[in-house]
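So the structure is just underneath, and the comments pick up after that.
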Amino acid sequence: MLGALVRAARSPLLTGWRPRALLRPAEACVRACVPRGLRPIPAAGCCCWRCGAAPEPPGFFCSSCRALQAPDRRLDYFQLLGLPRRFPLDPERLREAHRRLQRALHPDNFARSSAVERRHSELQSALLNEAFAALLRPLSRGLYLLELELPGEPPAAGEAEAEADPALLGAVLELNERLAEADNQADVRRVAASVEARLRELEDKVDLAFEQGRPRDARPLLRQMKYWNSIGDRVKERLLPR
Ligand code: ZN
């Protein structure tokens with residue numbers, strides 16, 4: 001039982017942004033960027049791949065020729081979706097931002113466009129989905145924020161510490177036992193409420209850590225959140241819709 005929980009907590013999460021290999025600069029970019037002293041890297045959004053004009057942020061479309069651009073890898077997921085970079089996030093606001101941008105950038109809109117724009121729309125649309133998935137749940141959002149705040153420091157570092165935290169493992173095991181013994185929905189709902197309460201408490205602490213500029217303090221809290229999330233998923237499997 002414990003082994004399964006540890007494995008679930010270790011499973012790779014979609015934590016999002018990684019630098020990607022840059023595309024080869026288009027000729028228009030080389031012509032436009034080199035004289036301006038810029039490095040020609042159109043995949044990073046330095047200039048329009050078609051006309052060479054400098055794009056205006058957030059730079060989905062060229063302000064001069066309206067061509068759809070490749071994703072600007074300098075933007076983080078929050079910037080991409082036009083949301084403030086902070087841990088608390090209203091899921092409805094996130095859904096709305098994702099829907100609005102997908103409506104503008106979805107490949108269906110570019111079926112009759114050039115091959116380059118069709119490709120860009122596929123990349124933009126996939127990136128939006130990636131950003132949405134990473135920011136939706138508090139755990140993956142917190143881990144992503146940690147990557148942004150502490151670049152180069154792996155968020156999963158120190159897993160062994162959590163495994164050696166007897167208080168945490170004891171609490172998780174106790175709830176797991178209560179779940180195993182629950183033979184009616186009322187009991188399962190009580191376990192669900194305990195898990196929910198733990199998660200809310202951790203979210204508040206993570207929020208405070210980021211808010212007060214102590215991102216390193218968020219790391220052990222997020223590690224704990226992984227355990228509570230995995231037990232929360234088990235509880236959900238047992239919960240019947242009311
Ligand atoms: Zn252009």
*How large, in Å, is the range 105-242 by the Kirkwood hydrodynamic radius built from its alpha-carbon pairs?*
17.5 Å
*Just flag the trypsin sites (Lys or Arg not before Pro) in the range 56-109 sitting in loop per DSSP whose Cβ has no more than 14 other Cβ atoms within 10 Å.*
Arg66, Arg74, Arg85, Arg86
_In 5 Å bins starting at zero, report the fraction of Cα pairs in the range 168-238 per bin as a rounded %._
3, 17, 26, 20, 14, 9, 6, 3, 1
*Post the alpha-carbon centroid distance, the range 204-242 to the range 119-135, in whole angstrom.*
25 Å
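Quick one: length gained pulling Leu240 to Leu136 fully straight, 0.36 nm per residue minus the C-alpha distance? All intermediate terms of the calculation are to be shown ahead of the outcome.
On the way: separation 104, 0.36 × 104 = 37.44 nm, distance 2.35 nm.
Gain on extension, Leu240 to Leu136, equals 35.1 nm.
Note the full-extension length gain between Ala53 and Ala126 as 0.36 nm times their separation in residues minus their Cα-Cα distance, in nm to one decimal. It would help to have the intermediate numbers written out before the result.
Numbers: separation 73, 0.36 × 73 = 26.28 nm, distance 2.50 nm.
That works out to 23.8 nm of additional length.
Rule-based calculations on the coordinates, nothing more; no lab input. Just so we're clear, the structure is a prediction, and the values are computed from it rather than from any experiment. When we count neighbours, we look across all protein chains shown, and the Cβ atoms used for this are built from the backbone with ideal geometry, even at glycine.
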